[in-house]
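Everything below concerns the one structure shown next.
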Amino acid sequence: MRVVYRGLAVVAAVVAVAVTLVVVVLPSGPDEVAAGPVTAPPAAPSSSGPAPSPSGSAPSLTSGEPAPAAQASGTPGPTPGASLAPGYTAMEALYADPRVPKLTAKVKGVKARPSVRRVVRDRRTGLAVPRLGRPWKAHNAAPFTTKQVLPRKRGTSLRGIVVTCPLPIMEQKSPRDTALLAARWTLNHHPEGSRITWLATQRVKRGWMLIYRVKYGKRSSRAAVVVMDGGMSKPGLTFVTVPDTQRKHWPEVGRVATGVRVLG
């Protein structure tokens, strides 16, 4: 019997130790289970293609300097800048970007202009854009497919430029939304601190057009984007911008924007 009692005592001791360990290891309630804070997912580089993303940084077309991305502040959410947080759409990133105001019904269209005869043909996008006369001239297009430029003025590296290329951002369901993202993307090609003010917006055949002012410090440029389906695998983008140091050429921004056509 002594052997039996000793065995029972050992079993009881083992059970007591096991219960103690369970009490120590397990939390007393579900609220004590460890969990990380709920926050917006970390930003990760966008991979929409070989061209710059809707919010990717790129060398400026006018100044030659990279345009750092704007940083979001305050509430968590998609961060405008060089990357897009996973789980957020491109349009959510657009709406979070303080550099790009909301496009309201107050922004009207522009009058139609006579079609131009002299054009630059971009067979990669399927588009034709007005060929501007002197002092505009053709220029080395890379990394775009066509390029026209104004001569640089002494004392500044800013100058007018017209380029075409396949759409360098992800196409949206609405051509208007695609144009908005394209306009935001062009801020990467303007001086640091640039912000948009909308001047005109309207549907065009097989696409959308936006004309806007880009403000940076005390200076500004007038610019436009036209996103148009030229029958290729991706829509084509036409982008024109002219700084205020060459403001006498501002009317040509509207001329280009309203003169983009599908090659036929």
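Before we move on, is residue 215 open to solvent by 20 Å² or more (accessible area, probe 1.4 Å) and either assigned to a loop (DSSP other than H, G, I, E, B) or over 28 Å from residue 106 (Cβ atoms) (or both)?
Here the answer is no, as residue 215 does not meet what is asked.
For segment 212-245, name all the residues that are out of contact with any strand residue (DSSP E or B) (no Cβ under 9 Å at 6 or more places or on another chain) and either charged (D, E, K, R) or on the phi < 0 side of the Ramachandran plot (or both).
Passing the criteria: only 218.
Within segment 104-130, can you find the residues that are without any contact (Cβ under 8 Å) to a residue 12 or more places away in the chain and of a type in the set (A, V, I, L, M)?
Matches in segment 104-130: 105 only.
Looking only at segment 115-137, how many residues end up being under 17 Å from residue 259 (Cβ atoms), more than 24 Å from the chain's Cα centre (by Cα) and open to solvent by less than 80 Å² (accessible area, probe 1.4 Å)?
8
So is residue 200 surrounded by 23 or more Cβ atoms within 10 Å (Cβ to Cβ) and either of a type outside the set (Lys, Arg) or without any contact (Cβ under 8 Å) to a residue 24 or more places away in the chain (or both) or not?
No.
The values are calculated or read from the model by the stated rules, or taken from the named source; none is laboratory data. Worth saying up front: this structure is predicted, and the values here are computed from it rather than measured. Counting neighbours? That spans all protein chains shown, and the Cβs are built from the backbone with ideal geometry, glycine included. Heads up: the accessible areas ignore ligands, DNA and RNA and are worked out on the full protein's heavy atoms, side chains in. Shrake-Rupley method; radii C 1.70, N 1.55, O 1.52, S 1.80 Å.
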